[in-house]
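Quick notes on the structure that follows.
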Amino acid sequence: MTFAKTLAIDIGGTFIKYGIVGEDGNILSHYKVPTVEAKSGEEFWDYVAKNIRTLEGIARIGVCAPGLVDREFQVRSYAAPKLAALYGTNIREEMERRTGIPTAALNDGKAAGLCELKMGRAKGTKLSAYLIIGTGGGGCICLEDDVFAGADNFAGEFHFMAYPNEVTHEVMKTGRVIGMIGLVKRYNEEAPADRQVTLGEEITERAFAGEELAVRIVDDWIHRIAVQCLSIVVAVNPEILCIGGGISKEDWFMERVKAEYERIADEHFSHVRFLSTVIDRCQYRNEANLLGAAIKVNMVYGGEK
């Protein structure tokens, strides 16, 4: 597809990322600023606009954010604690009022999937699914040449799939089980006070070093991700299931998830192999959200300016 020169903005719970996307679809420059906890939507969007370094030559603005972003670009659910002020705001209206530039928006998981559909691993497929492993576990479904929205623009929000806690009978969000937040939580529940961690990377490093607790927790985490992959394959039956997020760049992670998926799928279907879904990593990782946001606004406004 073709692009007008676009400012892409990826709003996250830790950082807000900005990128200038050229007419060839490549990111010409990018930077990020810390996410602040604003008292109101007005204050938050003022902060987003204040940190835009240039609008010179920019024809469109594409924004992605966590949570439910509806067809009218209204934020309909709460996401990260620092982003509570986004709830109820209309992204297009807020950005256009501050910049005067046509704007469109979508959920961050859908942005990553749209990028892979148009430019990455799933290009040319008719039905694809995406599981993004970050702090939580998001994703989307793409049908033909666009993201499949569902009745409420919520289809493919795998983070919110129900996960039963067999001990407490609590109905948990799957994203909080398979995401990094789940890995850290489970490790810290069993680790002594002087071995507590804040990052999933610390746990995987300890597992590689042979720590028994870390090995067991990582093994179980991989298993849960593979089970989620199997659930998506059964529900959607895509041609390809792309796994993204920062951890997906690690070969050991992809190899183990795919091997565990093959093992449990083999047992689940009584050793009869009839599904053709390919599981692979996303081609674009750190840039996927920015590119997906740029693709979305150029689709809304018709490609070239």
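Brief remarks follow.
- Scanning region 49-81 for residues being within 23 Å of the chain's Cα centre (by Cα) and within 19 Å of Val300 (Cβ to Cβ) gives a total of 15.
- Only residues that are at pLDDT below 95 and more than 21 Å from Ala235 (Cβ to Cβ) were counted in region 252-280, giving 1.
- Sole residue being touching a residue at least 24 places away in the same chain (Cβ under 8 Å) and farther than 20 Å from Ala294 by Cα, chosen from Asp108, Asp146, Asp152, Asp70: Asp152
- When the strands (runs of 3 or more DSSP E) confined to region 157-245 are screened for residues that are closer than 26 Å to Ala122 by Cβ and at pLDDT 95 or above, those reaching at least 3 such residues are found at 240-244.
- Taking region 97-121 as the range and being touching a Phe, Trp or Tyr at 6+ places or on another chain (Cβ under 8 Å) and assigned to a loop (DSSP other than H, G, I, E, B) as the test, the residues that pass are Pro102, Gly120.
- Region 258-283: number of residues that are in a helix (DSSP H, G or I), out of contact with any Cys (no Cβ under 7 Å at 6 or more places or on another chain) and surrounded by 11 or more Cβ atoms within 10 Å (Cβ to Cβ): 9
- Residues in region 260-295 that are of a type in the set (Val, Ile, Thr) and under 19 Å from His223 (Cβ atoms): Ile264, Thr277, Ile279.
- Enumeration of residues in region 90-115 that are basic (Lys, Arg) and open to solvent by 40 Å² or more (accessible area, probe 1.4 Å): Arg92, Arg97, Arg98
- Within region 122-144, being open to solvent by 10 Å² or more (accessible area, probe 1.4 Å), modelled with pLDDT of 95 or more and either under 19 Å from Gln228 (Cα atoms) or part of a loop (DSSP other than H, G, I, E, B) (or both) holds for Lys123, Gly124, Thr125, Lys126, Leu127, Ile141.
Residue-by-condition table, conditions (1) touching a helix residue (DSSP H, G or I) at 6+ places or on another chain (Cβ under 6 Å); (2) crowded, with 17+ Cβ neighbours inside 10 Å; (3) more than 28 Å from Ala129 (Cβ to Cβ):
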{"position": "Gly182", "(1), (2), (3)": "yes, yes, no"}
{"position": "Asp194", "(1), (2), (3)": "no, no, yes"}
{"position": "Thr198", "(1), (2), (3)": "no, no, yes"}
{"position": "Glu201", "(1), (2), (3)": "no, no, no"}
{"position": "Arg216", "(1), (2), (3)": "no, no, yes"}
{"position": "Asp219", "(1), (2), (3)": "no, no, no"}
{"position": "Leu230", "(1), (2), (3)": "yes, yes, no"}
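- All strands (runs of 3 or more DSSP E) inside region 1-89 with 1 or more residues being over 24 Å from Gly113 (Cα atoms) and open to solvent by 30 Å² or more (accessible area, probe 1.4 Å): 27-34
The values are calculated or read from the model by the stated rules, or taken from the named source; none is laboratory data. Just so it is clear, the model here is predicted, and its values are computed rather than measured. Reconstructed Cβ throughout: ideal geometry from the backbone, glycine too, with neighbour counts over all protein chains shown. Side chains included, ligands, DNA and RNA excluded: accessible areas come from the protein's heavy atoms. Shrake-Rupley method; radii C 1.70, N 1.55, O 1.52, S 1.80 Å.
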